[in-house]
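Undergrad: Dumping the structure here so I can ask a few things about it.
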Amino acid sequence: MASNGRTFQPLCLPLKERQMNKILKKLNLSPLVTEFVIYEPFIAKACKAGHFVIVRADEHSERIPLTIADSDKENSTITLVIQRTGISTNKLCDLNGGDIMHDIVGPLGKSTHIENFGTVVCACGGVGAAPMLPIAKELKKAGNRVIIVLAARTKHLIILEEQFAEFADEVVIYTDDGSYGIKGLVTNGVEEIILREKVNKCVAIGPAVMMKFVSILTKKYNIPTEVSLNTIMVDGTGMCGACRVTVDGQTKFVCVDGPEFDAFKIDFDEMINRQR
């Protein structure tokens, strides 16, 4: 048991004993969110911030798209963070160290465009903190001032705070119920920062409705904003059309044209309706 109360299952195997898709470590970040470190040498070598994979726990499971939360080329691993939301994600979260995920396809999508923008606010809603982690790291490496807003419904849903604190210039916490950090929504945190200092860019990742309202806020202040969309996917290669969204009046496929888009050009209402 870790000192912060999170359970941790290490499994350190010699390289010759490792198998593709094998879980090397499992960490319960909260009762609903689990982190896995998985042996994936080819994906680890090729992936960049913003890329995602599609995963199945077994041959009868749904295909679940998950943004790569971290990668280690030297040790040939990728890190995935999974939230329990249904049958297939429960199957994934019930796996343990030493188990093998049935299949993992990737890296998919386009990687994040990184440059020195200046001051960047990274707005994370719930488990959206996981895909934000590698993006925020790369933004910091590029010389940006990086401010992280971690928001969730309640304290136990706040994840990766310590990891962000290792490199970010500032991390602020907001919870809907006030059980941790400041009581309020992610938009409250973003606006508080905008009002106190110049913000050159915002990146938002989380539930669709959260990204919608962050983009409404940042548009009011004329701050360029990108979001990473989490639409329904099937094949992940642009063939099925399940992940289609309307961007600037045109149909785009999140799996091949994204997952990141200019927030001001997305028809969020259409996307939210399709998610239902």
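The values are calculated or read from the model by the stated rules, or taken from the named source; none is laboratory data. Source: prediction; values computed, not measured. Positions of Cβ are backbone-derived with ideal geometry, glycine not excepted, and every protein chain shown enters the neighbour counts.
Undergrad: What are the pairs, 6+ residues apart or on separate chains, where a residue within the stretch 237-254 that is surrounded by fewer than 15 Cβ atoms within 10 Å (Cβ to Cβ) has its Cβ under 8 Å from a residue that is not in a loop (DSSP other than H, G, I, E, B)?
TA: Taking only residues 6 or more apart or on different chains, the pairs are Thr237/Leu108; Thr237/Cys255; Thr237/Val256; Gly241/Phe253; Asp248/Asp262; Asp248/Lys265; Thr251/Arg244; Thr251/Val245.
Undergrad: Tell me which residues, restricted to the stretch 62-92, are small (Gly, Ala, Ser) and within 14 Å of His51 (Cα to Cα).
TA: Ala69, Ser71
Undergrad: Of everything in the stretch 222-247, what is over 20 Å from the mean Cα position of the chain (by Cα), part of a strand (DSSP E or B) and small (Gly, Ala, Ser)? Give them in sequence order.
TA: Within the stretch 222-247, no residue meets the criteria.
To keep it simple, each residue is scored yes or no on (1) within 18 Å of the chain's Cα centre (by Cα); (2) farther than 21 Å from Glu161 by Cβ; (3) crowded, with 19+ Cβ neighbours inside 10 Å.
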| site | (1), (2), (3) |
| --- | --- |
| Thr67 | yes, no, yes |
| Thr89 | yes, yes, yes |
| Gly97 | no, yes, no |
| Asp103 | no, yes, no |
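Undergrad: Now a separate question. Kindly indicate whether Ile135 is part of a loop (DSSP other than H, G, I, E, B), crowded, with 19+ Cβ neighbours inside 10 Å and not assigned by TED's automatic domain parsing to the domain that holds Ser30. Steps first, answer last, please.
TA: On the way: part of a loop (DSSP other than H, G, I, E, B): no; crowded, with 19+ Cβ neighbours inside 10 Å: yes; not assigned by TED's automatic domain parsing to the domain that holds Ser30: yes.
Considered against the rule, which asks whether it is part of a loop (DSSP other than H, G, I, E, B), crowded, with 19+ Cβ neighbours inside 10 Å and not assigned by TED's automatic domain parsing to the domain that holds Ser30, Ile135 comes out as no.
Undergrad: Quick check on this structure: which one of Asp103, Asp94 is out of contact with any His (no Cβ under 8 Å at 6 or more places or on another chain) and within 15 Å of Asp235 (Cα to Cα)?
TA: Numbers: Asp94 fails: within 15 Å of Asp235 (Cα to Cα).
Just one listed residue meets the conditions, Asp103.
Undergrad: Take the residues in the stretch 173-195 that are under 26 Å from Leu27 (Cβ atoms) and surrounded by fewer than 18 Cβ atoms within 10 Å (Cβ to Cβ); name whichever of them is modelled with the highest pLDDT.
TA: The qualifying residue modelled with the highest pLDDT is Ile173.
Undergrad: Of the residues that sit in the stretch 38-54 and are surrounded by 22 or more Cβ atoms within 10 Å (Cβ to Cβ) and within 15 Å of the chain's Cα centre (by Cα), which one is farthest from Gly126 (Cα to Cα)?
TA: Cys47
Undergrad: Does Ile148 satisfy the criteria of being surrounded by 22 or more Cβ atoms within 10 Å (Cβ to Cβ) and over 15 Å from Met210 (Cα atoms)?
TA: Values: surrounded by 22 or more Cβ atoms within 10 Å (Cβ to Cβ): yes; over 15 Å from Met210 (Cα atoms): yes.
Yes.
Undergrad: So how many residues does the stretch 138-148 have that are outside any helix (DSSP H, G or I), among the hydrophobic types (A, V, I, L, M, F, W, C) and either under 19 Å from Thr67 (Cα atoms) or touching a strand residue (DSSP E or B) at 6+ places or on another chain (Cβ under 6 Å) (or both)? Can you show your working first?
TA: The initial filter retains those residues of the stretch 138-148 that are outside any helix (DSSP H, G or I), namely 142-148.
Right, trim to among the hydrophobic types (A, V, I, L, M, F, W, C) and you get 142, 146-148.
In the following step, the residues that additionally are either under 19 Å from Thr67 (Cα atoms) or touching a strand residue (DSSP E or B) at 6+ places or on another chain (Cβ under 6 Å) (or both) were identified as 146-148.
Of the residues in the stretch 138-148, 3 are outside any helix (DSSP H, G or I), among the hydrophobic types (A, V, I, L, M, F, W, C) and either under 19 Å from Thr67 (Cα atoms) or touching a strand residue (DSSP E or B) at 6+ places or on another chain (Cβ under 6 Å) (or both).
Undergrad: How many residues does the stretch 170-214 hold that are within 24 Å of Ala49 (Cβ to Cβ), charged (D, E, K, R) and part of a strand (DSSP E or B)?
TA: Residues flagged as within 24 Å of Ala49 (Cβ to Cβ), charged (D, E, K, R) and part of a strand (DSSP E or B) within the stretch 170-214 amount to 2.
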